[in-house]
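A.B. asks: Quick one: structure below, then a few questions.
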Amino acid sequence: MTIVEFRERAENHKRAASVALSGALDEASFEAAKTSVWSRSVQQSFSKLLGELPITERPEAGRVFNDLRAHIDALLAEASIYFAVSEGASQAGRSLDLTMPARERWRGAKHPVTLVIDEIVAIFREIGFTVALGPESESEWYNFSALNFPPDHPAMDMHDTLYLGEGALLRTHTSPVQVRTLQRHAPPLRILAPGTGFRRDPFDASHAPAFAQIEGLAVDEGTSFVALKATLTHFAQKFFGKTRTRFRPSYFPFTEPSAEMDVECRLCGGVGCSACKGTGWMEILGSGMVHPSVLEAAGVDSERYTGWAFGMGPARIAMLRYGLPDIRLLYDSDVRFLAQVAE
Ligand code: DAH
């Protein structure tokens, strides 16, 4: 044995190893090729040859042997990666394209109306309001009579709804929660009641037959229209940023006096446009001093206590906030729209 022959053996083994490993496309054939290429006996036969060399040539032969080992290690690593990939690909039943971008995940997000409700509730929580809830299937008494709608009053025309039988109906507003809460909790109290109302309304650009509402109620000794105005103005400034507001006289059977609150049109800044019908203002809520007969119906002494209340539609407010031309965008569940406002 000479060093030249030793080198030749090592080179031949490299070539044989390449050929053996290139056919290893699954785990079993890889393990078989690995054993034949770099078994203990293969390694021993190389050290035996090395021992047959003259002492002076052994250091050089050691280097050749180490080079062979490194080469085979690299071949094994390469082959094992290759068969892992090809196995994965055949399991998936298609060839694996590692350059393809990963699929994006959709996390989900809150609906714009939910975002608006959460924000409104947070603003009122800061000033001492708590959340109260009531049923969507309501009695005529809570929905109308206790709220001072006289029988067959024209105000009820706007509140046509689905009757469920035995005096039950789908509530037309969240105002019945005022009465339910006052029956259970003695004043002073301040509540906010978010929920759904139902009316026989056409589904058009500004109406939906099932809609979100938020009711507000404060009852205390000596609370007045001043507190109502200050609270709702504070709310509008917090929610919309610095904005002008105004109160207009209005009518609701359950409040006296009654007022509607407008904010400066968000789209034209108060100049007048088609969205605000040229007025420069947009209505955001109804409000007023709670009518004494409502307090009495709920068992509250109307000589001792006064109250004020308001009701607003978060979907309308979402339209103002996001500049939406049609309320139906908020009901269609079109992800292309929702993704634009999702937070
Ligand atoms: N319930 C009224 C409606 O659905 C809204 C409303 C107006 C509620 C004035 C109030 C209020 O509490 O004071 O049209």
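A.B. asks: Restrict the check to the range 124-137 and report whether at least one residue is more than 16 Å from the ligand (Cβ to nearest atom), without any contact (Cβ under 8 Å) to a residue 40 or more places away in the chain, open to solvent by 40 Å² or more (accessible area, probe 1.4 Å) and over 32 Å from the mean Cα position of the chain (by Cα).
C.D. replies: no
A.B. asks: Moving to a separate point now. Give me a count of the residues in the range 197-220 that are surrounded by fewer than 19 Cβ atoms within 10 Å (Cβ to Cβ), assigned to a strand (DSSP E or B) and under 26 Å from the mean Cα position of the chain (by Cα).
C.D. replies: 1
A.B. asks: Can I ask one more? Take the residues in the range 277-304 that are part of a strand (DSSP E or B) and within 14 Å of the ligand (Cβ to nearest atom), then tell me which one is surrounded by the most Cβ atoms within 10 Å (Cβ to Cβ).
C.D. replies: V290
A.B. asks: Condition first: within 27 Å of A236 (Cβ to Cβ), touching an Asp or Glu at 6+ places or on another chain (Cβ under 8 Å) and part of a helix (DSSP H, G or I). Can you find one or more residues in the range 109-128 that meet it?
C.D. replies: Checked against the condition, which is being within 27 Å of A236 (Cβ to Cβ), touching an Asp or Glu at 6+ places or on another chain (Cβ under 8 Å) and part of a helix (DSSP H, G or I), the range 109-128 yields at least one hit.
A.B. asks: Quick one: how many residues across the range 22-36 are among the aliphatic types (A, V, I, L, M), touching a residue at least 24 places away in the same chain (Cβ under 8 Å) and open to solvent by 60 Å² or more (accessible area, probe 1.4 Å)?
C.D. replies: Residues that pass the stated criteria total 1.
A.B. asks: I would also like to ask the following. Test Q91 against the stated conditions and say whether it is part of a helix (DSSP H, G or I), open to solvent by 80 Å² or more (accessible area, probe 1.4 Å) and either of a type in the set (D, E, K, R) or modelled with pLDDT of 85 or more (or both).
C.D. replies: no
A.B. asks: What about P194, is it open to solvent by less than 40 Å² (accessible area, probe 1.4 Å) and either touching a helix residue (DSSP H, G or I) at 6+ places or on another chain (Cβ under 7 Å) or assigned to a loop (DSSP other than H, G, I, E, B) (or both)?
C.D. replies: Here the answer is yes, as P194 does meet what is asked.
A.B. asks: Select, from A102, A70, the only residue that is of a type in the set (G, A, S), open to solvent by 50 Å² or more (accessible area, probe 1.4 Å) and modelled with pLDDT under 85.
C.D. replies: Of A102, A70, the one residue that is of a type in the set (G, A, S), open to solvent by 50 Å² or more (accessible area, probe 1.4 Å) and modelled with pLDDT under 85 is A102.
A.B. asks: Something else about it: Could you please find all residues in the range 5-19 being open to solvent by 40 Å² or more (accessible area, probe 1.4 Å), in contact (Cβ under 8 Å) with a residue 24 or more places away in the chain and more than 17 Å from L50 (Cβ to Cβ)?
C.D. replies: Correct list: S18 only.
A.B. asks: When you check E264 against the structure, is it acidic (D, E), at pLDDT below 95, within 16 Å of the ligand (Cβ to nearest atom) and under 35 Å from the mean Cα position of the chain (by Cα), yes or no?
C.D. replies: Spelling it out, it is not the case that E264 is acidic (D, E), at pLDDT below 95, within 16 Å of the ligand (Cβ to nearest atom) and under 35 Å from the mean Cα position of the chain (by Cα).
A.B. asks: Would you be able to say whether some residue in the range 155-163 is more than 13 Å from the ligand (Cβ to nearest atom) and open to solvent by less than 50 Å² (accessible area, probe 1.4 Å)?
C.D. replies: Among the residues of the range 155-163, not one is more than 13 Å from the ligand (Cβ to nearest atom) and open to solvent by less than 50 Å² (accessible area, probe 1.4 Å), which makes the answer no.
A.B. asks: Another question, then. Any chance you could count how many residues in the range 207-241 are within 14 Å of the ligand (Cβ to nearest atom), in contact with a Ser or Thr (Cβ under 8 Å, 6 or more places away or on another chain), farther than 16 Å from H291 by Cα and among the aliphatic types (A, V, I, L, M)?
C.D. replies: Total meeting the criteria: 4.
The values are calculated or read from the model by the stated rules, or taken from the named source; none is laboratory data. All values derive from a computational prediction rather than experimental measurement. Note that we place each Cβ from the backbone using ideal geometry, even for glycine, and neighbour counts take in every protein chain shown. Accessible surface areas use protein heavy atoms only, side chains included; no ligands, DNA or RNA. Shrake-Rupley method; radii C 1.70, N 1.55, O 1.52, S 1.80 Å.
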